[in-house]
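The values are calculated or read from the model by the stated rules, or taken from the named source; none is laboratory data. Since the structure is predicted, the reported quantities are computational estimates derived from the model, not experimental observations. For neighbour counting, all protein chains shown are included, and Cβ atoms are generated from backbone atoms with ideal geometry for every residue, glycine included.
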Amino acid sequence: MQKYLIRKIKDKIVYAVCLICVIIAIIPLGSILFEVIKNGLPALNSDFFTKGPGPIGESGGGIANSIQGTLILIGLTSLIGIPIGIMSGIYLAEHGNNQFGRIVRLTNNVLMQFPSIVIGIFAYLVIVLPIGSFSPLAGAIALAIIMVPIITRTTEESLKLVPNTLREASMALGIRRWRTTVSIVLVSAKSGVITGIMLSIARVAGETAPLIMTILGSQWFFSGLTEPMDALTLRIWRLSLLPYEYAHTMGWGAALVLIILVLSLNVSARILTRSRYRVKV
């Protein structure tokens with residue numbers, strides 16, 4: 001009886017410590033959200049979402065071109081980074097138990113720790129200079145380099161959690177290995193893969209340093225894949241440098257829009273993928 005009581009007390013203590021840690025982790029996040037909402041809400045109006053920036057020093061205008069640029073960048077980056085990341089994760093999980101796989105895994109882990117400004121400089125030297133212009137394409141490639149390691153790692157770990165018995169049962173029925181991986185293993189691990197994709201999108205949506213070196217920023221709306229373009233993070237950074245109260249308010253508003261945008265993408269992805277997949281063999 002005494003041993004049971006001691007175990008119960010230990011369980012309560014661990015539970016309390018974990019709860020306290022969760023609360024400590026939530027407090028800074030709640031504080032950030034509160035500050036962004038409090039300072040950003042006054043900037044939200046119809047002009048803010050439909051117009052481009054006004055003249056410097058004069059209040060008014062909006063961030064419509066920045067929102068457009070961020071959506072274009074996220075789309076281009078996802079087209080490049082998501083397929084590469086998922087395929088790389090599948091290879092490492094299903095076929096990467098060899099020397100080449102270990103080298104790829106090490107390279108991927110190192111790339112995850114790279115400073116984003118270094119990746120921006122790399123994209124500037126390899127893409128911007130040869131093209132002769134800042135461009136959304138250069139920005140998307142730079143952000144894709146940041147995105148790929150995150151998706152690769154989460155995809156690999158998610159696929160490794162799928163029991164081998166599913167693979168063995170599928171192949172025992174005569175289903176080819178690639179079909180087993182795509183139709184059974186990947187579908188079983190879809191939740192973890194989608195989580196990795198959403199984390200990577202949230203990461204690249206908040207990057208500023210690579211975009212300074214690749215898309216530069218612009219007062220105008222999108223005009224081509226080889227022309228400078230604006231983005232929310234760049235607009236927030238530039239507004240924060242201006243010595244005007246209205247600019248700081250618009251910067252807070254742009255930050256709020258960015259948070260809402262990332263949250264909307266996450267919620268939409270969860271809603272679209274929460275239904276059960278039917279395994280077709």
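Tally up the residues in region 30-46 that are without any contact (Cβ under 8 Å) to a residue 60 or more places away in the chain, of a type in the set (S, T, N, Q) and part of a helix (DSSP H, G or I), please.
Of the residues in region 30-46, 2 are without any contact (Cβ under 8 Å) to a residue 60 or more places away in the chain, of a type in the set (S, T, N, Q) and part of a helix (DSSP H, G or I).
Considering only region 97-108, I want to know if a residue exists there that is within 27 Å of Gln219 (Cβ to Cβ) and either loosely packed, with under 15 Cβ neighbours inside 10 Å or hydroxyl-bearing (Ser, Thr, Tyr) (or both).
No, there is no match, as no residue in region 97-108 is within 27 Å of Gln219 (Cβ to Cβ) and either loosely packed, with under 15 Cβ neighbours inside 10 Å or hydroxyl-bearing (Ser, Thr, Tyr) (or both).
So which residues in region 43-83 are more than 25 Å from Thr155 (Cβ to Cβ) and among the small types (Gly, Ala, Ser)?
Ala43, Ser46, Gly52, Gly54, Gly57, Ser59, Gly60, Gly61, Gly62, Ala64, Ser66, Gly69
Give Glu58, Glu94 a once-over and let me know the one that is outside any loop (DSSP other than H, G, I, E, B) and farther than 22 Å from Ala202 by Cβ. I'd like the intermediate steps shown before the answer.
On the way: Glu58 fails: outside any loop (DSSP other than H, G, I, E, B).
After ruling out the rest, the residue left standing is Glu94.
I'd like to check something: does region 163-173 contain any residue that is under 15 Å from the mean Cα position of the chain (by Cα) and touching a residue at least 24 places away in the same chain (Cβ under 8 Å)?
Residues of region 163-173 under 15 Å from the mean Cα position of the chain (by Cα): none.
No, that holds for no residue.
Condition check ((1) farther than 30 Å from Thr181 by Cα; (2) surrounded by fewer than 17 Cβ atoms within 10 Å (Cβ to Cβ); (3) more than 26 Å from the chain's Cα centre (by Cα)) across all residues:
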{"residue": "Ile26", "(1), (2), (3)": "yes, yes, no"}
{"residue": "Ile56", "(1), (2), (3)": "yes, yes, yes"}
{"residue": "Ser59", "(1), (2), (3)": "yes, yes, yes"}
{"residue": "Ile74", "(1), (2), (3)": "no, no, no"}
{"residue": "Ile86", "(1), (2), (3)": "no, no, no"}
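Of the residues Ser275, Ser218, Ser223, only one is more than 27 Å from Ala123 (Cα to Cα) and either at pLDDT 90 or above or of a type in the set (Ser, Thr, Tyr) (or both); which?
One residue alone meets the criteria, Ser275.
Looking at Leu143, Leu106, Leu79, which is the one that is at pLDDT below 95 and either out of contact with any Phe, Trp or Tyr (no Cβ under 9 Å at 6 or more places or on another chain) or not in a helix (DSSP H, G or I) (or both)?
Leu106
Please tell me if Phe34 is modelled with pLDDT of 90 or more, closer than 15 Å to Arg235 by Cα and either out of contact with any strand residue (DSSP E or B) (no Cβ under 8 Å at 6 or more places or on another chain) or not hydrophobic (A, V, I, L, M, F, W, C) (or both).
Details: modelled with pLDDT of 90 or more: yes; closer than 15 Å to Arg235 by Cα: no; either out of contact with any strand residue (DSSP E or B) (no Cβ under 8 Å at 6 or more places or on another chain) or not hydrophobic (A, V, I, L, M, F, W, C) (or both): yes.
So Phe34 does not fit the description; no.
When the residues of region 149-183 are narrowed to those that are touching a Ser or Thr at 6+ places or on another chain (Cβ under 7 Å) and either crowded, with 20+ Cβ neighbours inside 10 Å or not assigned by TED's automatic domain parsing to the domain that holds Thr77 (or both), which ends up farthest from Met112 (Cα to Cα)?
That would be Ser170.
Which one is nearest to Leu161 (Cα to Cα), of the residues in region 61-72 that are surrounded by fewer than 22 Cβ atoms within 10 Å (Cβ to Cβ) and small (Gly, Ala, Ser)?
By that ranking, first place goes to Ala64.
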